[in-house]
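In what follows, a single structure is set out as C-alpha coordinates and then discussed.
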Amino acid sequence: MLTYDIMEGIKKMFPHKIVDIIIQPSDDTDYILSNPAYANELRKRIAEYDAKKEVISIKAGDLL
(Lines give C-alpha, C1' and ligand atoms only; values in the text may rest on other atoms or scores of the structure.)
Protein backbone atom coordinates (compact mmCIF):
# COMPACT_ATOMS: atom_id res chain seq x y z
CA MET A 1 0.00 0.00 0.00
CA LEU A 2 1.34 3.41 -0.93
CA THR A 3 1.00 5.46 2.25
CA TYR A 4 1.58 9.06 3.19
CA ASP A 5 4.74 8.02 5.08
CA ILE A 6 6.16 6.35 1.97
CA MET A 7 5.46 9.46 -0.09
CA GLU A 8 7.16 11.67 2.49
CA GLY A 9 10.16 9.33 2.56
CA ILE A 10 10.47 9.56 -1.23
CA LYS A 11 10.33 13.35 -1.05
CA LYS A 12 13.17 13.34 1.49
CA MET A 13 15.25 10.97 -0.67
CA PHE A 14 14.94 13.25 -3.72
CA PRO A 15 14.76 16.84 -2.50
CA HIS A 16 14.39 19.46 -5.21
CA LYS A 17 13.64 16.80 -7.85
CA ILE A 18 10.53 15.78 -9.74
CA VAL A 19 10.00 12.04 -9.38
CA ASP A 20 7.69 9.83 -11.45
CA ILE A 21 6.12 6.89 -9.64
CA ILE A 22 4.87 4.24 -12.04
CA ILE A 23 2.57 1.48 -10.90
CA GLN A 24 2.18 -1.48 -13.23
CA PRO A 25 1.32 -5.15 -12.94
CA SER A 26 4.29 -7.35 -12.16
CA ASP A 27 5.49 -10.10 -14.45
CA ASP A 28 6.09 -13.33 -12.54
CA THR A 29 8.48 -14.53 -15.23
CA ASP A 30 11.30 -12.29 -13.96
CA TYR A 31 10.83 -13.63 -10.42
CA ILE A 32 10.77 -17.25 -11.59
CA LEU A 33 13.85 -16.87 -13.78
CA SER A 34 15.76 -15.07 -11.01
CA ASN A 35 15.64 -18.23 -8.89
CA PRO A 36 17.78 -21.01 -10.44
CA ALA A 37 15.67 -23.80 -8.91
CA TYR A 38 12.43 -22.33 -10.27
CA ALA A 39 14.02 -21.61 -13.66
CA ASN A 40 15.29 -25.20 -13.94
CA GLU A 41 11.88 -26.57 -12.98
CA LEU A 42 10.20 -24.35 -15.56
CA ARG A 43 12.61 -25.48 -18.30
CA LYS A 44 12.08 -29.12 -17.32
CA ARG A 45 8.29 -28.78 -17.47
CA ILE A 46 8.43 -26.98 -20.82
CA ALA A 47 10.60 -29.77 -22.23
CA GLU A 48 8.18 -32.40 -20.88
CA TYR A 49 5.26 -30.55 -22.42
CA ASP A 50 7.02 -30.22 -25.78
CA ALA A 51 7.92 -33.93 -25.75
CA LYS A 52 4.42 -35.15 -24.85
CA LYS A 53 2.24 -32.28 -26.05
CA GLU A 54 0.10 -32.85 -22.96
CA VAL A 55 -1.25 -30.34 -20.52
CA ILE A 56 0.64 -30.27 -17.23
CA SER A 57 -1.49 -29.18 -14.31
CA ILE A 58 0.22 -27.47 -11.40
CA LYS A 59 -1.09 -26.52 -7.98
CA ALA A 60 0.56 -23.77 -5.91
CA GLY A 61 1.60 -26.36 -3.28
CA ASP A 62 3.36 -28.47 -5.94
CA LEU A 63 6.09 -25.85 -6.53
CA LEU A 64 9.45 -26.79 -5.07
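The values are calculated or read from the model by the stated rules, or taken from the named source; none is laboratory data. Owing to the predicted nature of the structure, the values given are computational and were not obtained by experimental measurement. Note that each Cβ is placed from the backbone with ideal geometry, even for glycine, and that neighbours are counted across all protein chains shown. Just the protein is used for accessible areas: all its heavy atoms, side chains included, with ligands, DNA and RNA removed. Shrake-Rupley method; radii C 1.70, N 1.55, O 1.52, S 1.80 Å.
Computed values, structure above
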item: The chain, helix-only ellipticity at 222 nm - DSSP H runs n ≥ 4, -39,500 (n - 2.57), divided by all residues, nearest 500; result: -16000 deg cm²/dmol
item: Among Lys12, Lys52, Lys44: highest mean-square fluctuation, GNM of the chain, C-alpha pairs under 10 Å; result: Lys12
item: Kirkwood Rh and Cα Rg combined as Rg over Rh, evaluated for the chain; result: 1.27
item: Surface accessible to a 1.4 Å probe, Met7 within the full protein complex, Å²; result: 70
item: Nitroxide proxy distance, nm - points 7 Å out along Cα→Cβ at Tyr31 and Lys17; result: 2.7
item: Most mobile of Ile22, Ile32, Ile46 in a GNM of the chain (Cα contacts under 10 Å); result: Ile22
item: Residue-by-residue Karplus 3J(HN,Hα) for segment 37-46, coefficients 6.51, -1.76, 1.60, Hz, glycine and proline x; result: 5, 5, 4, 5, 5, 4, 4, 4, 5, 5
item: Computed lengthening from Ala47 to Tyr4, 0.36 nm per intervening residue step minus Cα-Cα distance; result: 10.8 nm
item: Derived scalar couplings ³J(HN,Hα) [segment 9-22; Karplus, 6.51 cos²θ - 1.76 cosθ + 1.60; whole Hz; x for Gly, Pro]; result: x, 5, 4, 5, 6, 10, x, 6, 10, 8, 10, 9, 10, 10
